[in-house]
Every structure is written in C-alpha cells, then in structure tokens.
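Worksheet: one structure, shown below.
The values are calculated or read from the model by the stated rules, or taken from the named source; none is laboratory data. Nothing here was measured: the structure is a model prediction, and the numbers come from that model. Because the Cβ atoms are built from the backbone with ideal geometry, glycine has one as well, and the counts that use them run over all protein chains shown. Heavy atoms of the whole protein, side chains included, go into the accessibility calculation; ligands, DNA and RNA do not. Shrake-Rupley method; radii C 1.70, N 1.55, O 1.52, S 1.80 Å.
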Amino acid sequence: MGNVIKERSRIAVLTRLAAVLVLIWSVIGIAPAAGHARPQAAAPWPIIDARCAPITPEGLVGYGCHKLSVYLQEARIDLRYNRPPKTTDKLYTNVRGNYAIAQLQDGKYIIGYSDGLKHAEARLIDQMQGKAPRIEFDPKTGKVSYQPAKASPIKEGYSEIEPCKNSCDRDLKNAKVRDKFTYSHRWNAKPGEDEKALRDRTNNRNTGAKQVAVQTLLKTRQTGPILPKTPEELAKGSAVSKAVGKQLGPIRPGGIDFSSVQLRYVTDGGGSTGDTYSFETATTPGQESKDGTVQIYDADEALNTWMTVESARFWVNLNPSQPDKVIDEYLGRTAVGRIMLDADLELKRAWTRFQDPKTAVGLEYWNRMTGLDGACIRQWIVPKTATIREEGDRLYILDAPLEVKAEAFDFTIPGNPDFTCPANPEPSMAVYRDLLLPELNKAVNEAAGFKDLRRVYISRVAAEWYRARMAADGRAAEAGIDSNDVSTLEREDDWSPTDVFNQYVKEISATTYELPNGVKVTAGGVDFTQPVKTTKLSDTRFKEEHATLPTTVDKSLTAVTKTPDEKQAYLGGTDEIPEFVVLKAATPRPGGGDGGGGGLPVTGASIFTIAAAGILLVLIGVVALWHTRRVRWVVKK
C-alpha cells in the first residue's frame with residue numbers, strides 16, 4: 001500500500017508542473033488575442049505597420065492596406081504577366097493606367113480600367129448595371145476573366161486614384177455608390193491647394209506616388225501594403241516641382257518672365273534613376289518677375305501627352321465643311337489638344353488682322369488684290385526641323401521652329417448656301433504667299449498668341465527623343481507609350497472643341513473690310529502627326545555657339561541661373577524617385593476569401609479560434625489541478 005502512495009506522489013509533482021505550464025500558456029494565449037481584438041472593430045484587417053493607417057473619413061486608404069486593394073494588386077499582376085500574346089486589349093496593356101475593383105452583392109468581384117475612352121469607375125458601373133460583360137477577378141485563383149453580363153449592385157468598391165470631379169465622381173454619385181468607394185492616391189485639390197502640384201505628386205511619370213507604388217508591385221510581385229519608407233520620401237518631389245519651387249522661392253532673381261518657360265534640356269535615367277529637366281525663359285530687366293507655375297506643369301503634362309497618345313492623333317482641324325472632324329477624340333481631352341485648337345483659331349484671326357487695310361501690309365495686300373478673284377485658302381501649322389544636341393543620356397533642344405503652310409482649298413460654309421470659292425485662285429495665292437505668309441510665320445514663332453503652342457511643341461521634341469530610346473531598350477510598353485490612356489491627363493475645365501468651331505464659323509461671316517473682295521475665309525489646322533525632324537549639332541558648332549550652355553544648365557538644377565548675356569534664364573531640377581517598400585501582409589488573402597474578419601499578424605488565425613483554444617486550455621488546467629488535489633488527499637488519508 002505504501003508503494004502505491006509513493007508512486008502517486010511522483011505523479012502529483014509532474015501533474016502540478018503540467019498544470020502550472022498549462023495555466024501560463026492559457027493566459028499567454030488569450031492575451032494577444034484580446035489585444036488584437038480591440039482594433040478589429042475599426043479596420044477590416046489588422047494594421048500591420050504604423051504607416052498603414054485605417055481608412056480616413058474621405059475614403060483614403062494606404063495602397064494595399066485593405067482587402068479590395070490587395071485583390072486589385074493580385075489582378076494587376078495577373079493582367080501584366082499572364083496577358084495573351086500580342087493582345088491590344090487595354091485591360092491588359094495599360095500598365096501605367098488606373099484600375100478599380102468592386103465587390104457585387106452576388107459575391108463576385110469585377111475589374112474596371114481606364115483607357116482614355118472610359119474611366120475605370122465608369123466601367124464598373126456598366127458592369128453593375130449589366131450593360132457590359134463582366135471582367136471578373138477570382139480571389140481563390142488570382143485570375144481575371146471575361147464573363148457574361150449580369151446586373152448586380154455594388155457592395156463596395158476601390159479605385160487606385162481618387163475619382164476625378166468632372167466625370168468619375170459625378171458618375172459614381174449618379175449611380176448612388178460613391179460612398180461605397182475608397183482610394184489610395186489623391187487627385188482632387190482642396191481649397192487653397194495647388195492642383196497641378198498635387199497631381200504631379202500623385203501621377204508624375206517618374207516620381208508620382210501611384211506610379212512608383214504600381215511599378216514596385218509589378219517588380220516584386222508581392223501584394224500587401226506598398227508604402228514610401230518615410231512620409232518625407234514623397235516630399236522630395238519631382239524635377240518639375242523643384243523648378244516651380246525655384247521660381248516661387250524668396251531668392252529668385254527679379255526681372256524674369258517665368259510664364260514663357262520652355263523645356264530645353266532633359267536627361268533619361270533609363271528607369272533606374274530619375275530624369276532631369278531644365279526650362280529656359282526670357283529675362284525682363286527692370287520688371288517684376290511673372291509666375292510660371294502653371295506653364296511649367298503644362299510643359300511636363302505636354303511631354304506625357306505626346307508620349308501617351310499615338311502620333312497619328314496629333315492634329316486639329318477648323319474646316320467649315322467638317323464640323324465632325326475638329327480634333328481627335330483622345331487629344332481633345334487634354335490640355336495639349338485645347339492649346340492646339342486655340343492656336344488654330346488664333347491663326348485664322350491673325351490672317352484676318354494682317355489683311356486689315358489700316359496696316360501697311362494689309363493696304364499693300366488689297367492694292368495687289370485689285371482685279372483678282374480672291375481664293376479660299378487652307379493654312380495649317382507644322383513643325384520645321386528642330387536643332388538638337390545629344391550627349392549620351394542628355395538632350396539639349398536648341399531650336400524648334402514652326403511653319404505655316406498654305407494652299408488653295410474648296411469648301412462650303414454651314415448656313416450659307418450661296419458661298420462659293422473662286423474658280424481661279426492661283427493669282428491671289430501668289431499675293432498671299434508673298435505678303436501674308438511671312439507675317440504668319442513670324443507670328444507663330446514670336447507672337448504672344450502662339451506662346452503656349454510653342455511651349456507644348458518643344459515638349460514634343462523631347463517626347464520623340466524619349467520615345468526612340470524607350471523603344472530601343474524595351475521600355476515603351478511599360479511607360480505607356482501609345483496607350484492613349486489620357487485618364488490622368490484630362491482637363492478639368494469646361495472648354496469644348498465644338499464651341500471653338502462655332503466661334504470660328506461665326507467669325508468667318510462677321511469680319512469684312514470696305515475694300516473690294518471682302519475677307520476670304522480659311523480652313524486648315526495644326527498638324528503635328530509627322531515624326532519630328534531634327535538636325536544634330538556637331539561638337540565644333542556646339543562649342544562655338546553654345547559654349548556656356550552646359551554650365552548654365554547644370555547650375556540651374558540648384559538655382560535659377562541667367563545666361564552670361566543675361567537674355568535668358570534657366571531653372572530645373574532632378575527627379576528623386578521615392579523608395580517604396582512592400583510590407584508583407586498578414587495572410588495571402590487578408591481577411592479571408594469573400595468575408596471580412598480579422599486575423600493576427602504572423603499566424604493569421606481567427607481571434608475567436610485563439611480565444612476558444614485559450615478557454616479549452618484553462619479547462620484542462622482546472623481538471624489537472626483537481627486530479628492533483630485528489631492524489632494529495634489520498635496520500636494524507
């Protein structure tokens with residue numbers, strides 16, 4: 001009997017130790033679950049980094065910081081790396097474009113994309129209403145596929161960039177789903193905020209937060225939060241923002257017309273480092289400096305437009321007989337398109353002004369036109385050969401002149417059936433070419449009315465250089481070359497090409513002179529569709545004619561720098577690409593397949609599962625203690 005009691009004493013010691021360990025484990029097991037359970041009421045899945053903050057009241061959420069944004073990341077990766085060979089479907093090819101995702105009430109996930117014709121959000125609405133085939137994403141496989149159209153309300157949605165005010169935001173509100181959408185990158189300026197600067201920080205080709213985050217995703221192929229290493233990373237800014245800061249800074253030199261800036265120097269970082277830009281502008285000694293903020297951003301936006309839109313679409317046309325062919329549909333949505341069409345109207349007005357008999361040229365024109373039948377004339381603006389200097393990854397744009405072309409052209413005028421063009425226009429055309437054409441050529445290259453056109457055209461020269469380099473080393477597709485995705489280049493104003501055309505037709509009939517023949521109407525446009533012709537300056541000529549330019553440009557990257565003769569000034573900067581990091585998500589599918597729910601970082605286990613396990617361990621511990629007490633009672637007895 002004594003031997004039995006001694007045996008049970010050893011068991012009692014071991015059991016006590018086990019009971020203590022079980023109790024300690026049960027307490028440790030419950031504590032973390034309770035700690036992580038608290039924030040789950042405010043966030044759909046655990047905050048795994050301090051910079052991945054919860055969704056703000058405005059709908060802003062870190063890129064890859066909640067379920068829908070991670071699903072969209074997975075969809076992006078599938079579309080990029082599993083796209084059909086030689087496909088032209090913009091769903092697959094718009095690498096730099098904006099994408100959006102929504103969960104429908106029926107549990108399915110659908111994808112929208114921007115391509116210049118429609119915004120990503122508009123495509124989601126079409127699918128929600130059953131007006132277009134679904135583009136479904138399957139969270140279980142990570143695959144995107146086309147499926148038959150079927151209507152179902154949107155339960156929640158997410159877009160990479162904040163829905164734009166002039167179309168996306170309005171469309172979502174009309175569909176009564178705007179309050180269901182979140183986004184990661186801001187687009188709409190708040191009162192007192194610089195709209196151009198905000199959009200540069202968001203979508204700059206090299207340094208924009210959205211662009212860098214997406215490129216990081218496609219490079220690493222790791223989903224989850226993709227954030228700058230520090231908030232200060234994004235504040236470093238692009239070359240364009242730096243140039244703006246210099247001309248607004250307290251130490252800027254006086255007497256400079258920054259509103260006349262033109263992009264004159266660029267470098268190509270090859271995708272691994274940032275590009276460098278420097279702008280040239282005129283000095284105005286003795287006068288106040290003029291702000292060029294908008295013009296600097298416009299020059300950069302023009303550069304991106306020329307690279308995004310196909311070259312064959314670089315035309316505008318004010319022809320009274322063609323009210324339906326005023327401007328290309330993609331180009332017409334951009335500031336570049338507005339500038340080109342406005343310049344065409346200014347060309348027609350300048351032609352009319354030069355005929356004014358109160359001017360010396362106009363009086364001579366009408367004297368020589370006596371007895372002639374006049375002419376209907378088509379005139380249009382085209383680029384002349386640009387002069388450049390190329391040194392490795394550097395490009396100097398030394399001259400980029402424009403030219404006015406003219407020819408006799410028959411057309412009709414809407415609402416004027418009696419109008420006919422003269423049968424023999426050549427004698428009048430000879431007078432026109434001799435007297436008026438030189439004045440027009442001088443105007444397009446020097447007059448203030450064509451300043452914006454000259455600015456965007458010089459950006460076109462830089463864009464052609466980038467195009468050629470990117471095509472040569474395989475970067476063109478990734479850079480969005482010829483994608484026609486102007487969704488983040490769209491104007492936010494109420495300007496309409498139709499209004500310009502109507503104004504032109506109105507002015508045709510409104511301007512008359514007292515001398516014979518009246519004023520003759522014109523048609524034409526601006527044609528930048530042809531490849532840019534360039535002549536490269538030799539080493540000898542560059543050193544002879546622009547010996548100090550490299551030094552001036554280099555200095556301009558840190559401060560506004562005047563040329564030695566002080567007739568021009570340069571300002572610029574170098575892109576500093578922010579370094580984004582991929583923070584590993586809690587689980588491959590944060591929050592579970594189709595549901596919400598939390599999960600612990602590291603384990604990903606459900607909070608309720610952890611709590612249940614803890615309770616079970618406590619019960620086991622109680623039973624073990626009861627058994628220990630029973631053994632001790634037997635021994636004493």
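Just a few scattered comments:
- Sole residue being in contact (Cβ under 8 Å) with a residue 24 or more places away in the chain and farther than 23 Å from G112 by Cα, chosen from R264, R186: R264
- Boolean, E288 is acidic (D, E), touching an Asp or Glu at 6+ places or on another chain (Cβ under 7 Å), surrounded by fewer than 24 Cβ atoms within 10 Å (Cβ to Cβ) and at pLDDT below 95: no
- Taking the criterion of being farther than 20 Å from D452 by Cβ and either among the hydrophobic types (A, V, I, L, M, F, W, C) or modelled with pLDDT of 95 or more (or both), the residues of the range 367-390 that qualify are M369, L372, A375, C376, I377, T385, T387, I388, R389, E390.
- Scan of the range 546-580 for residues that are open to solvent by 70 Å² or more (accessible area, probe 1.4 Å) and touching a residue at least 40 places away in the same chain (Cβ under 8 Å), ordered by number: K562, E566, K567, E576, E579
- Residue satisfying all of: in the range 129-147; open to solvent by 20 Å² or more (accessible area, probe 1.4 Å) and either part of a helix (DSSP H, G or I) or among the small types (G, A, S) (or both); farthest from R80 (Cα to Cα) among these: G130
- Number of the condition not met by K533 [criteria: (1) surrounded by 13 or more Cβ atoms within 10 Å (Cβ to Cβ); (2) modelled with pLDDT of 90 or more; (3) within 26 Å of L437 (Cα to Cα)]: (1)
- Comparison of F450, F501 shows that the only residue that is of a type in the set (F, W, Y), closer than 30 Å to W366 by Cβ and modelled with pLDDT of 95 or more is F450.
- Residue-level analysis places G116 among those that are over 30 Å from L248 (Cβ atoms), in contact with a Ser or Thr (Cβ under 7 Å, 6 or more places away or on another chain) and either open to solvent by less than 30 Å² (accessible area, probe 1.4 Å) or in a strand (DSSP E or B) (or both).
- Among residues that are assigned to a loop (DSSP other than H, G, I, E, B), modelled with pLDDT of 90 or more and of a type outside the set (S, T, N, Q), E364 is not included.
- Of the candidates D482, D494, the single residue that is closer than 17 Å to A335 by Cβ and open to solvent by 20 Å² or more (accessible area, probe 1.4 Å) is D494.
- When K173, K165, K150 are checked against the criterion of being open to solvent by 20 Å² or more (accessible area, probe 1.4 Å) and under 22 Å from D78 (Cβ atoms), a single residue qualifies: K150.
- So L345, is it free of Cβ contacts under 8 Å to residues at least 40 places away in the same chain and aliphatic (A, V, I, L, M): no
- Filter result for the condition that a residue is under 27 Å from H119 (Cβ atoms), touching a helix residue (DSSP H, G or I) at 6+ places or on another chain (Cβ under 9 Å) and surrounded by fewer than 19 Cβ atoms within 10 Å (Cβ to Cβ), over R201, R221, R205, R252: R221
- Residue within the range 74-88 that is crowded, with 20+ Cβ neighbours inside 10 Å, closer than 19 Å to Q211 by Cβ, of a type in the set (D, E, K, R) and under 18 Å from the mean Cα position of the chain (by Cα) present: yes
- Being among the acidic types (D, E), surrounded by 22 or more Cβ atoms within 10 Å (Cβ to Cβ) and outside any helix (DSSP H, G or I) is true of E280.
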